[in-house]
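Below is one structure; the comments refer to it alone.
The values are calculated or read from the model by the stated rules, or taken from the named source; none is laboratory data. Computed from a prediction, not measured in an experiment: that's the story for all the values here. All Cβ positions, even for glycine, are placed from backbone atoms using ideal geometry, and neighbour counts span all protein chains on display. We work out accessible area using only protein heavy atoms, side chains counted, and drop any ligands, DNA or RNA first. Shrake-Rupley method; radii C 1.70, N 1.55, O 1.52, S 1.80 Å.
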Amino acid sequence: MREKLELIKQNALEELKKIATKEDMESIRVKYLGKKGELTSILRGMGALSKEERPIVGKLANEIRENLENIIGETLDKIKNKEKELRLQKEVIDISMPGKKQIVGKRHPLDLTLENINDIFISMGFSIEEGPEVEKDYYNFEALNIPKDHPARGEQDTFYINDNVVLRTQTSPIQIRTMEKEKPPIKMIAPGKVYRSDELDATHSPIFYQIEGLVVDKGITFSDLKGTLQTFFKKMFGDNMEIKFRPHHFPFTEPSAEVDVTCFVCGGKGCKVCKNSGWIEMLGCGMVHPDVLRNCGIDPEVYSGFAFGFGLDRIVMLKYGIDDIRFLYESDMRFLNQFK
Ligand code: DAH
């Protein structure tokens with residue numbers, strides 16, 4: 001019996017030397033120390049031994065079991081450590097590698113300037129209205145006194161979706177939509193994108209921004225229009241800004257005017273931007289045509305109003321000295337990153 005035990009010990013130690021994985025280790029543990037293992041079955045068969053032999057063999061068997069358990073435990077630890085080392089070697093982090101730069105977005109110059117403009121009009125009691133970019137011909141033209149055969153249609157190169165639907169060529173249709181849904185007093189601005197089938201070049205883009213203004217109430221006069229625009233431009237560009245009106249024609253206003261403002265690049269002294277005139281052409285405006293009021297169910301005998309419309313892109317370009325409108329629509333980060 002004693003020899004048998006010694007032999008089991010020898011064999012087990014031999015096998016343990018060759019072990020490389022946790023799995024092999026487990027199978028050896030089962031083979032010798034498991035419920036049906038070689039050592040276990042010897043301990044179980046001890047009943048057949050004599051009284052004298054039993055404690056001696058029992059002690060020896062237990063010693064061998066303890067011995068094997070210890071060796072298995074130690075070897076298992078070694079294997080685990082080795083595996084960990086290998087894993088760490090593979091997962092090594094190169095702290096000298098350059099990091100990935102997160103690109104942080106900036107506000108677009110059109111958006112920055114529009115916010116500025118909105119804030120000024122809000123401080124003057126205006127509300128901000130919106131309308132659809134895909135617009136009915138009726139709102140974009142008809143209701144604004146521009147019937148199908150009107151020459152003004154030819155001036156605005158229109159993208160037609162079909163006979164009755166266009167991409168809006170101006171923000172003026174929002175005047176009509178607002179007058180249809182609200183009763184005077186009305187005091188609103190409506191900023192938005194507009195579309196014209198213009199050839200793309202440094203000063204023309206098929207998409208650009210306009211800001212529409214409309215005030216309708218009892219007793220509104222041309223001097224209200226003048227005062228409003230003057231206040232706006234002084235708040236926007238400083239107290240030295242002057243504005244001047246030139247007679248003009250728009251189908252939806254009567255009388256109509258175009259407005260020039262003091263060149264905000266040179267302050268009116270004359271420069272390349274204002275072609276040495278000291279003035280910059282800025283917007284169209286006028287008193288809302290009685291027919292337009294009537295089209296919206298507002299009685300022109302009781303109410304009157306003024307309207308104006310100007311281009312946002314032009315203001316942004318002049319303000320920042322941008323000489324090509326395409327920069328505003330190409331999303332070039334080198335350009336956009338310059339604005340805060
Ligand atoms: N909608 C005109 C355009 O696109 C601009 C304009 C002129 C708007 C006079 C107005 C206005 O509201 O009264 O050229």
Hand me the tally of lysine pairs in the range 41-115: alpha carbons under 26 angstrom apart, and the pair either on different chains or 8 or more positions apart.
6
Those aspartates and glutamates that a straight Cα-Cα span of less than 17 Å connects to residue 18, excepting residues fewer than 8 apart in one chain
26, 69, 74, 77, 83
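Excluding residue 317 itself, what net charge comes from residues whose Cβ is under 9 Å from its Cβ, given Lys and Arg +1 and Asp and Glu -1? Working shown, then result.
Numbers: positive: 314, 319; negative: 313, 323, 324.
Here the charged neighbours net out to -1.
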Contour excess over end-to-end distance, with Cα ends at residue 87 and residue 246 and 0.36 nm allotted per residue
49.2 nm
Rounded if a/c is under 1.5, else prolate if a/b is larger than b/c, else oblate: which is the range 109-336, with a ≥ b ≥ c the root eigenvalues of its Cα gyration tensor?
oblate
Looking only at aspartates and glutamates whose Cα falls under 15 Å of residue 234's and that sit 8 or more positions away or on another chain, we get 119, 242, 260
Counting only complete DSSP H runs, which helices of the chain cover 15 Å or more along their long axis at the Cα atoms and score a mean Kyte-Doolittle of 0.0 or above?
109-123
Expressed as a whole-number percentage, the relative contact order of the chain with C-alpha contacts under 8 angstrom and at least six residues apart is 14
Backbone HN-Hα couplings from phi across the range 40-48 [Karplus 6.51/-1.76/1.60, Hz, Gly and Pro as x]
4, 5, 5, 4, 5, x, 6, x, 6
Cβ-isolated cysteines (cut-off 4.7 Å), the chain
285, 296
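For the range 2-90, give the percent of accessible area contributed by carbon and sulfur heavy atoms, probe 1.4 Å, rounded to a whole number.
Answer for the range 2-90: carbon and sulfur cover 51 percent of the accessible area.
Need one word for the range 63-211: rounded, prolate or oblate. Basis is the Cα gyration tensor (sqrt eigenvalues a ≥ b ≥ c); a/c below 1.5 gives rounded, then a/b vs b/c decides. Spell out each step's value before the answer.
Numbers: a/c = 4.04, a/b = 3.57, b/c = 1.13.
Since a/c reaches 1.5 and a/b is larger than b/c, the shape of the range 63-211 is classed as prolate.
Ignoring ligands, DNA and RNA, what accessible area per residue does the chain give at 1.4 Å, in Å²? Kindly include the intermediate steps, with their values, before the conclusion.
On the way: 19890 Å² over 340 residues.
Computed with neighbouring chains in place, this is 58 Å² per residue.
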Net charge, residue 306 excluded, C-beta distance under 13 Å - Lys, Arg +1, Asp, Glu -1
-2
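With charges set only on the Cβ (+1 for Lys and Arg, -1 for Asp and Glu), what does the dipole of the range 109-336 come to about its Cα centre, in debye to the nearest 20?
Working: 24 positive and 35 negative charges, 129 e Å.
Using Cβ point charges on Lys, Arg, Asp and Glu, the range 109-336 gives about 620 debye.
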Looking at the chain as a GNM with Cα springs under 10 Å, which of 51, 269, 181 has the largest mean-square fluctuation?
51
